Amino acid sequence: MKPIVLIPARMAATRLPGKPLADIAGQPLIVRVLRQAEAAGIGPVAVAAGDAEIVRAVEAAGGRAVLTDPALPSGSDRILAALNALDPERRHDVVINLQGDIPFADPGLVKKCAALLEEQPDCDISTIIVAKSAPDELRNPDVVKAIVSFGANPKAARALYFTRSTLYGDGPVWHHIGVYGYRRAALERFTAAPPSPLERREKLEQLRALELGLSIWAAVADQAPIEVNSPDDLVQAQAYANAESP
């Protein structure tokens, strides 16, 4: 495999406008995500930017960024546009989509997504899950739950469904983390298809992949990364960064 890591980012976030350039202990959020992706060391890294300001910030930090159409409907469409611009020769057959709002993402998450595609030949898309038990999170529709089927390997499972609903019955509840690995052909097929009925119902685009018959596998991680989606999240991320600074 020849992976490439792409980070979609745009300024027009609904709950936190300008999020990619939000300062976290002296660095823009998007630059922190970039550094974590680079630390994974699995291949080249670039930001798929929806705005020129993001490109300038990334390049000022020594990173690589591609300006994409700001009207693209999703991060998946944005990374495909960046991929085609960066790699028209199609040298990279695997694309890791690291969300641009995870400033302290463990580089191991990127590695897990790539490794799962290599270990499971029938896997079209890989992603990450974490066990959750806090009652407020189990009922929270913003916490996306993965319904998965484990085989002999307790660290990887086939995804059967994703939902925002509360799950019932005994057993762990798996929180889905929005880091994806795509085989290039799967990404192209996924973005070429219109939003599916279940996707529109749950507002979860990964359900489009399942309805298309694509196979999604999930690797188990020990801990969910800090995500920045709101002003409160940003305050918490800034406090975390300041606490971690020497």
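The values are calculated or read from the model by the stated rules, or taken from the named source; none is laboratory data. Just so it is clear, the model here is predicted, and its values are computed rather than measured. When we count neighbours, we look across all protein chains shown, and the Cβ atoms used for this are built from the backbone with ideal geometry, even at glycine. Only protein heavy atoms, including side chains, enter the accessible area calculation; ligands, DNA and RNA are left aside. Shrake-Rupley method; radii C 1.70, N 1.55, O 1.52, S 1.80 Å.
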(message) Would you confirm, using the coordinates I've provided, whether GLY178 is exposed (fewer than 14 other Cβ atoms within 10 Å of the Cβ) and not in a helix (DSSP H, G or I)?
(response) no
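What residue, among those in region 117-136 that are acidic (Asp, Glu) and touching a residue at least 40 places away in the same chain (Cβ under 8 Å), is most open to solvent (accessible area, probe 1.4 Å)?
Filtering region 117-136 for residues that are acidic (Asp, Glu) and touching a residue at least 40 places away in the same chain (Cβ under 8 Å), the one most open to solvent (accessible area, probe 1.4 Å) comes out as GLU118.
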(message) Need the failing condition index for LYS112 against (1) open to solvent by 70 Å² or more (accessible area, probe 1.4 Å); (2) modelled with pLDDT of 95 or more; (3) farther than 24 Å from VAL235 by Cβ; (4) more than 18 Å from the chain's Cα centre (by Cα), just the number.
(response) (4)
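Restricting to region 121-143, name every residue that is among the polar types (S, T, N, Q), assigned to a loop (DSSP other than H, G, I, E, B) and either modelled with pLDDT of 95 or more or more than 20 Å from GLN206 (Cα to Cα) (or both).
Listed by number, the list holds a single entry, SER133.
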(message) Please count how many residues of region 176-217 are touching a Cys at 6+ places or on another chain (Cβ under 6 Å) and over 22 Å from HIS92 (Cα atoms).
(response) 0
(message) open to solvent by 50 Å² or more (accessible area, probe 1.4 Å), among the charged types (D, E, K, R) and at pLDDT 95 or above: is that true of ARG78 in this structure?
(response) no
